[in-house]
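The values are calculated or read from the model by the stated rules, or taken from the named source; none is laboratory data. This one's a predicted model, so the numbers in the text were calculated from it and none came from an experiment. Every residue, glycine among them, receives a Cβ derived from its backbone with ideal geometry; neighbour counts consider all protein chains shown. Keep in mind that these areas ignore ligands, DNA and RNA; they rest on the heavy atoms of the full protein, side chains included. Shrake-Rupley method; radii C 1.70, N 1.55, O 1.52, S 1.80 Å.
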Amino acid sequence: ERVLTVDVVQVRYTSGLLVYVLGNGVMEAVRFDPRTRRVSGRPVPIASGVALTGAATAHFAVASSGTVAYVPEASRSLVLVDRAGMARPATRDGHSFHIPRFSRDGRQLLTDYVTPDGRDVWLLDLASGTESRVTFDRDGHDATWDPDGRHVTYISATRSGGALTLYRALPGRAAEIDTVISDPRIGYTGVWLPDGRAIVTAGNGLAGDSRGDIAIIRNAGRGPVEPLVATRFEESSPAVSPDGRWLAYTSDQTGTNEVYVRPMDRDGEDLRVSLTGGGEPVWGPDGRELFYRAPSENAVTLVAAALRLSPVPGVVSRKALFDVSAISSGTPHSNYDISPDGRTFAMVRQNPSTRIVVIQHLAALVAQLERGAGR
């Protein structure tokens, strides 16, 4: 029985409240009756910037008295990592970097992060180290490159009054923003098919009793939003092969998140790529290699799977590349990318925090926040 309708990293119970952390590091609390197993009222945010590990666990704890303690997120580092795991900084600046994406020529990186002016998309020139702001929504994020290699598609809820909306922008021309589609079922921006006819993204509740789904938005992204993989299981992290013929994604249909590949046209069976857990698939530039994060004892490893896609799809080999336990994960998308030449990964490295934040009298705090929300 599903209690919460949002995807959480971890959840705890104390003092009549469920306390949980979302994938963006926001901690919320909502009233919960353990006898009926039902929540009541609206959840209220009680903290932001909670540190998440590379294995997508949250650094927080609760006591029966209603005290909450958490480790705040320190500034992250944007790093370039070779296949041997050797890392170098992409920039000396530290931010809450998120979802880096290489440009077609490999010379630039899209990413988003939070500043005092809000969360927006930025463009990093790797040669000069200079950054330029792409969006000015104060809530622009999850940017992806359009097939033309010039425009950027991103998601925001600011311009539409709270509804998640996809927008298209041209870096350097802040006034020229094109609305693509607005739909509450969209989970993140997604990735374009190479011909630009559709965008594949994560969605919610697209078919019957489905939960997290994979969706396709045809008509050059204008819609409607259609289910591509929508079951009673949780599907996420869609990745489209360079030729647009194959879809990689994550599903928990076995009880554990695993990586699968299937034909984009739905004609054929799914190929399970990971063996003992996996997530955040990313295609190599030649379309014959798929990378993913996999648990490995007390660590997380980046795995390179060599694929044979015809005449019968199969996994030729799996090779563990290097430890990514300190690399920030993402949901419902991958939080890293590979360069067009297939030699370098762009990743977000977490840095240890030096302090712990304690919240006392949680029940009273939630009641106060609820009154404030009501007004």
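Out of the residues in the stretch 127-185 meeting the condition of being closer than 26 Å to Gly106 by Cβ and polar (S, T, N, Q), tell me which one is surrounded by the most Cβ atoms within 10 Å (Cβ to Cβ). The selected residue is Thr135.
So which residues in the stretch 12-47 are assigned to a strand (DSSP E or B) and surrounded by fewer than 16 Cβ atoms within 10 Å (Cβ to Cβ), if there are any at all? Within the stretch 12-47, Tyr13, Asp33, Arg38, Ser40, Gly41, Arg42, Pro45 meet the criteria. Return yes when Ala143 is at pLDDT 95 or above, out of contact with any strand residue (DSSP E or B) (no Cβ under 6 Å at 6 or more places or on another chain) and among the small types (Gly, Ala, Ser) and no when it is not. Here the answer is no, as Ala143 does not meet what is asked.
Being more than 20 Å from the chain's Cα centre (by Cα), open to solvent by 50 Å² or more (accessible area, probe 1.4 Å) and not hydrophobic (A, V, I, L, M, F, W, C) is the filter here, so list the residues in the stretch 313-345 that pass it. Passing the criteria: Ser317, Arg318, Lys319, Pro340, Asp341, Arg343.
Okay, residues lined up against (1) closer than 17 Å to Ala47 by Cα; (2) not charged (D, E, K, R):
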position: Phe322; (1), (2): no, yes
position: Ser329; (1), (2): no, yes
position: Arg349; (1), (2): no, no
position: Thr354; (1), (2): no, yes
position: Val357; (1), (2): yes, yes
position: His361; (1), (2): yes, yes
position: Gln368; (1), (2): yes, yes
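For the stretch 107-126, a tally of residues being open to solvent by 20 Å² or more (accessible area, probe 1.4 Å), modelled with pLDDT of 95 or more and under 22 Å from the mean Cα position of the chain (by Cα) returns 2.
Considering each of Arg92, Arg88, Arg104 in turn, give the residue that is open to solvent by 40 Å² or more (accessible area, probe 1.4 Å) and assigned to a strand (DSSP E or B). Checking each option against the conditions leaves just Arg88. Pairing each residue of the stretch 176-197 that is more than 20 Å from Gly330 (Cα to Cα) with any residue that is open to solvent by 20 Å² or more (accessible area, probe 1.4 Å) and among the acidic types (Asp, Glu), provided the two are 6+ apart or on different chains, yields C-beta distances under 7 Å for Pro194/Asp243.
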